[in-house]
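One structure is given here, and the rest of the page talks about it.
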Amino acid sequence: MSPAISVENISKKYIIGHQKQERYTALRDVLANKAKRMVETLRHPFSGESGDATHEEFWALKDINFDIQQGDRVGIIGRNGAGKSTLLKILSRITEPTSGKISIKGRVASLLEVGTGFHPELTGRENIYLNGSILGMSRGEIARKFDEIVEFAEVAKFLDTPVKRYSSGMYVRLAFAVAANLEPEILIVDEVLAVGDAQFQKKCLGKMENAGREGRTVLFVSHSMPTITSLCDRAILLESGRVATMGPTSEVVMHYYTKGQTSPGSADFSNKLVGDAYVRLLKGEVKNSNGRAILEINIDEPVTVEMTFDVLENNAPELVPNFHFYTAGGECAFVSVSDIRQDYPAGKYSAICHVPGNFLNEGTYFIGLAMTSFTSGVAIHFFERNALSFNVCDPLENVSTRSGWAGAIPGTVRPKLPWETFRI
């Protein structure tokens with residue numbers, strides 16, 4: 001089966017002009033420089049050089065290669081300036097690549113900027129038909145979808161108003177409703193959805209999820225890693241205009257956060273000599289309820305963190321295993337310390353911490369593995385920060401801690417706590 005999108009050696013070059021700057025310029029200097037440029041132009045009329053400007057080649061994309069199969073939901077991530085929007089514009093055929101070849105199988109609808117494809121002087125009604133025609137749909141096909149589009153966009157009251165009078169939120173609602181409800185084979189969406197309110201964002205994410213289930217292809221650019229992990233089954237990470245990595249979403253997101261340094265759900269330290277004369281760290285693992293090492297887990301499922309260590313001396317102090325949980329932003333979410341204080345005779349041990357489901361919020365977490373003693377002051381025998389990592393995935397639907405709320409929920413943890421409501 002041929003891919004829905006095939007990209008071969010795509011590159012995009014821009015020419016950037018730089019004006020030479022002077023620290024201080026008086027009026028006489030400006031006039032003198034103007035005169036010099038005029039003389040240079042008269043001497044060399046076809047040189048095309050101004051004398052005070054330089055030009056630089058900038059490669060927004062360089063040798064991009066990938067295939068996307070029909071029905072894939074693919075997230076494109078990367079830091080600002082990585083080339084994400086340029087890539088989407090090329091795939092949407094808004095911008096021509098400098099070199100390379102793309103092959104697209106199916107009708108494409110794209111939403112890259114507020115009001116993409118809208119004519120500001122036309123009304124919302126007229127723009128629905130205009131966009132549908134651009135997608136290659138007949139007037140009858142658009143008419144059958146018209147009411148569904150208007151209901152989704154929630155702009156019925158302003159349908160016969162020129163869209164230039166719409167707010168940015170109304171623009172986005174109508175643009176996405178047209179792009180998604182006219183059922184293209186390929187839907188391309190940039191992070192323009194951030195303009196919409198939380199309730200509308202939830203509707204959009206649900207629509208894109210349904211599109212994937214119906215066999216349509218979705219490309220989604222976002223800086224929200226929880227949204228990417230919830231919506232997309234594969235991801236592409238761009239760095240400085242090149243593909244850094246691509247594959248299962250959880251692995252690509254982890255690569256994004258760790259800048260390529262391995263920080264997996266299971267790590268072997270037996271050959272790294274992490275520790276001191278009393279104790280050594282051997283292994284760390286993040287496991288699901290079945291005891292399998294994992295990189296990703298649903299928000300309502302429990303997680304077990306296990307640390308294997310080797311006590312080297314019989315006279316070691318009372319050792320206290322502890323785990324440090326960090327958010328993707330580097331903030332300490334919490335520290336869990338073993339309440340078991342005892343003397344450990346020489347030998348190998350496992351310390352296990354159970355984190356219940358519906359406790360952590362969605363997102364990526366890193367775990368620091370540590371061993372401490374308090375016999376005489378505080379002694380840190382080892383502390384391996386960011387030793388392990390995993391994603392907490394929010395499936396958005398049927399999640400008890402959401403209680404109908406749409407959009408991102410703030411906080412590092414999101415526990416399901418007991419509540420009571422009664423009449424007084």
Subject >> Of residues in the stretch 111-162 being within 17 Å of residue 188 (Cβ to Cβ) and polar (S, T, N, Q), the one surrounded by the fewest Cβ atoms within 10 Å (Cβ to Cβ) >> reply: 116
Subject >> Selected residue (criterion: nearest to residue 299 (Cα to Cα)) from residues of the stretch 385-413 that are touching a strand residue (DSSP E or B) at 6+ places or on another chain (Cβ under 7 Å) and not aliphatic (A, V, I, L, M) >> reply: 393
Original post:
Which residues, taken from the stretch 377-390, are over 17 Å from residue 342 (Cβ atoms) and either free of Cβ contacts under 8 Å to residues at least 60 places away in the same chain or surrounded by fewer than 21 Cβ atoms within 10 Å (Cβ to Cβ) (or both)?
Top reply: 377, 378, 380, 382, 383, 384, 385, 386
**OP:** Could you check the stretch 326-424 for strands (runs of 3 or more DSSP E) lying wholly inside it with 3 or more residues that are more than 23 Å from residue 289 (Cα to Cα)?
**Re:** 363-373, 379-393
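Listed here are the residues, each with its yes/no results for (1) touching an Asp or Glu at 6+ places or on another chain (Cβ under 7 Å); (2) at pLDDT 90 or above; (3) exposed (fewer than 14 other Cβ atoms within 10 Å of the Cβ).
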residue: 15; (1), (2), (3): yes, no, yes
residue: 30; (1), (2), (3): no, no, yes
residue: 48; (1), (2), (3): no, no, yes
residue: 57; (1), (2), (3): no, no, yes
residue: 62; (1), (2), (3): no, yes, no
residue: 98; (1), (2), (3): no, yes, no
residue: 109; (1), (2), (3): no, no, no
Original post:
Taking the stretch 174-191 as the region of interest, how many residues are surrounded by fewer than 24 Cβ atoms within 10 Å (Cβ to Cβ), on the phi < 0 side of the Ramachandran plot and without any contact (Cβ under 8 Å) to a residue 60 or more places away in the chain?
Top reply: 2
**OP:** Residue by residue through the stretch 169-189, note down the ones that are in contact with a helix residue (DSSP H, G or I) (Cβ under 6 Å, 6 or more places away or on another chain) and outside any helix (DSSP H, G or I).
**Re:** 182, 187, 188
Original post:
Filtering the stretch 228-261 down to residues that are touching a helix residue (DSSP H, G or I) at 6+ places or on another chain (Cβ under 7 Å) and among the polar types (S, T, N, Q), which residue is surrounded by the fewest Cβ atoms within 10 Å (Cβ to Cβ)?
Top reply: 245
Subject >> Given (1) modelled with pLDDT under 85; (2) within 24 Å of the chain's Cα centre (by Cα), index of the condition residue 217 fails >> reply: (1)
Original post:
Would the stretch 297-306 turn up any residue that is closer than 20 Å to residue 372 by Cα, out of contact with any helix residue (DSSP H, G or I) (no Cβ under 7 Å at 6 or more places or on another chain), in a strand (DSSP E or B) and not assigned by TED's automatic domain parsing to the domain that holds residue 246?
Top reply: yes
Subject >> the stretch 316-325, residues that are touching a Cys at 6+ places or on another chain (Cβ under 8 Å) and either part of a loop (DSSP other than H, G, I, E, B) or hydrophobic (A, V, I, L, M, F, W, C) (or both) >> reply: 323, 325
**OP:** Scan the stretch 129-152 and report the pairs whose first residue is within 14 Å of residue 177 (Cα to Cα) and whose second residue is among the aromatic types (Phe, Trp, Tyr) and in a helix (DSSP H, G or I), with Cβ atoms within less than 7 Å and a gap of 6+ or a chain change.
**Re:** 142/129
Original post:
Is it the case that some residue within the stretch 143-151 is closer than 17 Å to residue 110 by Cα and out of contact with any Lys or Arg (no Cβ under 7 Å at 6 or more places or on another chain)?
Top reply: yes
Original post:
In the stretch 334-364, how many are under 26 Å from residue 250 (Cα atoms), surrounded by fewer than 17 Cβ atoms within 10 Å (Cβ to Cβ) and touching a strand residue (DSSP E or B) at 6+ places or on another chain (Cβ under 8 Å)?
Top reply: 5
**OP:** Look at the stretch 64-93 and say how many of its residues are surrounded by 15 or more Cβ atoms within 10 Å (Cβ to Cβ) and under 23 Å from residue 216 (Cβ atoms).
**Re:** 19
Subject >> Breaking point among (1) modelled with pLDDT of 90 or more; (2) in a loop (DSSP other than H, G, I, E, B), for residue 260 >> reply: (1)
**OP:** Kindly check whether there is at least one residue in the stretch 376-384 that is under 26 Å from residue 252 (Cβ atoms) and out of contact with any Asp or Glu (no Cβ under 8 Å at 6 or more places or on another chain).
**Re:** yes
**OP:** All but one of (1) surrounded by 12 or more Cβ atoms within 10 Å (Cβ to Cβ); (2) over 21 Å from residue 266 (Cβ atoms); (3) touching a strand residue (DSSP E or B) at 6+ places or on another chain (Cβ under 7 Å) hold for residue 416, so report the exception by its number.
**Re:** (3)
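Residue-wise test of (1) without any contact (Cβ under 8 Å) to a residue 60 or more places away in the chain; (2) within 24 Å of residue 245 (Cα to Cα); (3) in the same structural domain as residue 373 (by TED's automatic domain parsing); (4) surrounded by fewer than 19 Cβ atoms within 10 Å (Cβ to Cβ).
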{"residue": "276", "(1), (2), (3), (4)": "no, no, yes, yes"}
{"residue": "288", "(1), (2), (3), (4)": "yes, no, yes, yes"}
{"residue": "313", "(1), (2), (3), (4)": "yes, no, yes, yes"}
{"residue": "328", "(1), (2), (3), (4)": "no, yes, yes, yes"}
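The values are calculated or read from the model by the stated rules, or taken from the named source; none is laboratory data. Since we're looking at a predicted model, the values are computed, not measured. Note that each Cβ is placed from the backbone with ideal geometry, even for glycine, and that neighbours are counted across all protein chains shown.
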